[in-house]
Amino acid sequence: MKRVLLLAIFLASSFALAQTTVPESFWAIEFNHPNSAYPAPVNPNPTFHTLRLSDTTTGWGDIEGDNQIKGCNPSDKIDFTYLDRFLNHYTTGNDFDVIYTMAKTPCFISVFPTDASCKHWTGSCDPPKDIKCNGKGVAGTGGTDAALINFLKVLWPHIMAQPYYQGRHWYYETWNEPNVGFFWNNGWINNTYCGGDQTATRRIMMRMASDSRRTILAIDPTVQFITPSVSVALTETRRYGWWWDYLGGDTKQYGGGGKTADIMGVHSYIGTYPVESVCCGKGTLIADTLATMAEFGQSNKPLWITEGSCGAYCPVVGDNVAWIGAYYTLILSQGQAVRYVYNSYDNFAPLWDGTKLTPMGLAVAVMQKDWGYETATFAAGGCTSQVQTGCTGQGKIWNCNLTEGGSGTVAQTAWYDSRGNTCSYTPAGSGWVDYNDLTDNKTDYTGGPVTLTNRPILFEK
């Protein structure tokens, strides 16, 4: 009996101390320009393993019709020129998996073709006219959804016939940021088109996701499907948020939108909130997303962050290099989000300025290569923090223990989260030999305190 009890204690302890290893596939990227130089001709290079197609002129309405050129042209002309050009450029010589994001309704198919509130062209943020608000179809919708289904029956065989299809995994994401009005006109859909039915926007999106899944799997059973990815996920994944409602809040009676997806997807923009609000304790973006997944029976599916960065808030977060160092470290530290798409390589918080890596790009390269984050193993529990006294400003020191990928070096990342202030810090334990910053400068370490700022540094043994 004693032996059984000791074994039980050992197993429980082993589970509690489980570590998290970063998969190589974690690193993903968006490109906004069709021919940016990649990989960057510098050392170290940031490397990525998944390409997401969004804001790349490759969505539904970009391909079908002449929406951007001639306005609402009543034509079902399908042109894959830009899609093929983009994918041929970036997949050549690279091992990218691909996320195809289906969004932007063609104007002549839109139920509201004169809707000038849409970002891309009139009608692009409204449903196709062959989906109704009420009926016997998926999620209580009516109509045929034939326009989308017919488009996919042409799109996917075309993709499969191209050289860029072979040797990579393919993912399909239904819509980009549908909680944002100029991408998906929630107010008009609910209140005008559907007569005050506040479930309408999520039910129609469920219908499109379900029809997409059924249609594509009949052509290519290897594709996996991602939920519509919301922006402002810090609030939209919580109770009564758009994603909460889609996953099973106000759509629970229809089975919830989670059932049509293999992967749960959200965006990780956190605006002016502290960078530490992205992960990992209660009240953070990742923790609250996981709680909603659990509430609606989706915990068995992986969580992907399909887009994120400091984005439009980069000019106001203070030190972008400090921000990106803490951001990546926190997301990686507990392994709760298993893939992350950075937006973007060449625009919108860019890693590349056309000729060289930006300081943010260099920081990502340093973390991947010199800090060993690419396949690192983080200690159980992820990063920890402690309120500090006797420092300038008021804040916490964060530290994250890990074993570097490749080299197996024991390391610790540390920073002080009080922006613009400093704190004295001595890493616990012995054997530390150097510390490395995000500009790739390495300093020998022989003991004693080091001055921390909000730019993370990495101690190594």
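Compared with the dominant principal axis of the Cα atoms in the chain, helix 2-16 is inclined by about 70°.
Which ordering of F183, F80 is given by a fewest-first count of other beta-carbon atoms within 10 Å?
On the way: F183 20, F80 15.
Ranked by crowding around the Cβ, least crowded first: F80, F183.
Working note: Cα atoms of segment 16-105, range along each principal axis, descending, whole Å: 60, 38, 16. Within the chain, the ratio Rg/Rh, alpha carbon atoms throughout and Rh by Kirkwood, equals 1.00.
For V180, the amide hydrogen comes within under 5 Å of the amide hydrogens of S231, counting only partners 5 or more places away or on other chains and with H modelled in the peptide plane. Going down the list K77/K104; K282/K396; K119/K301; K136/K252, which pairs span over 21 Å between their C-alpha atoms? The answer is K119/K301. Calculate how many DSSP beta bridges within the chain are antiparallel, expressed in % of all such bridges and rounded to the nearest 5. Roughly 55 percent of the DSSP beta bridges within the chain come out antiparallel. When its C-alpha radius of gyration is set against 2.2 N^0.38 Å (N residues), segment 178-323 gives a value of 1.10. As a rough footprinting exposure proxy, the listed residues V278, V98 were ranked by other beta carbons within 10 Å of their own, and the order from fewest upward is V98, V278. Angle between the Cα long axis of helix 285-295 and the longest principal axis of the chain, 0 to 90 degrees, nearest 10? So the helix axis and the longest Cα principal axis differ by about 60 degrees. Here segment 384-460 was treated as a single set of alpha-carbon atoms; its pair distances binned every 5 Å from 0 give 3, 16, 27, 26, 18, 8, 2, 0 percent. Candidate cross-link partners of K442 among the lysines, defined by an alpha-carbon separation under 16 Å and a same-chain spacing of 8 or more, comprise K369, K461. Taking only the C-alpha atoms of segment 266-335, Rg followed by Dmax gives 12.6, 39 Å. For the chain, the longest principal axis of the C-alpha atoms and the axis of helix 320-333 are separated by about 90°. Which residue, chosen from L53, F108, A312, occupies the Cα position most advanced towards the positive end of the dipole of segment 19-374, where the dipole is computed from +1 (Lys, Arg) and -1 (Asp, Glu) charges on Cβ about the Cα centre? Result: F108, furthest along the dipole toward the positive end. Computed over neighbours whose Cβ is under 12 Å from that of A147, the net charge equals -3, Lys and Arg +1, Asp and Glu -1. In the chain, the DSSP-assigned H stretches of four residues or longer account for a calculated mean residue ellipticity at 222 nm of -7000 deg cm²/dmol, using -39500 (n - 2.57) per stretch and the full residue count as denominator. Ordering H267, H49, H33 from the fewest to the most neighbouring beta carbons within 10 Å gives H33, H49, H267. Placing a pseudo-label 7 Å from each Cα along the Cα-to-Cβ vector at I78 and A161 gives an inter-label distance of 0.9 nm.
Here, each number is a calculation from the coordinates, and none is a lab measurement. As the structure is a computational prediction, the values presented were derived from the model and not from experiment. Neighbour counts run over all protein chains shown; Cβ positions are idealised from the backbone, glycine included.
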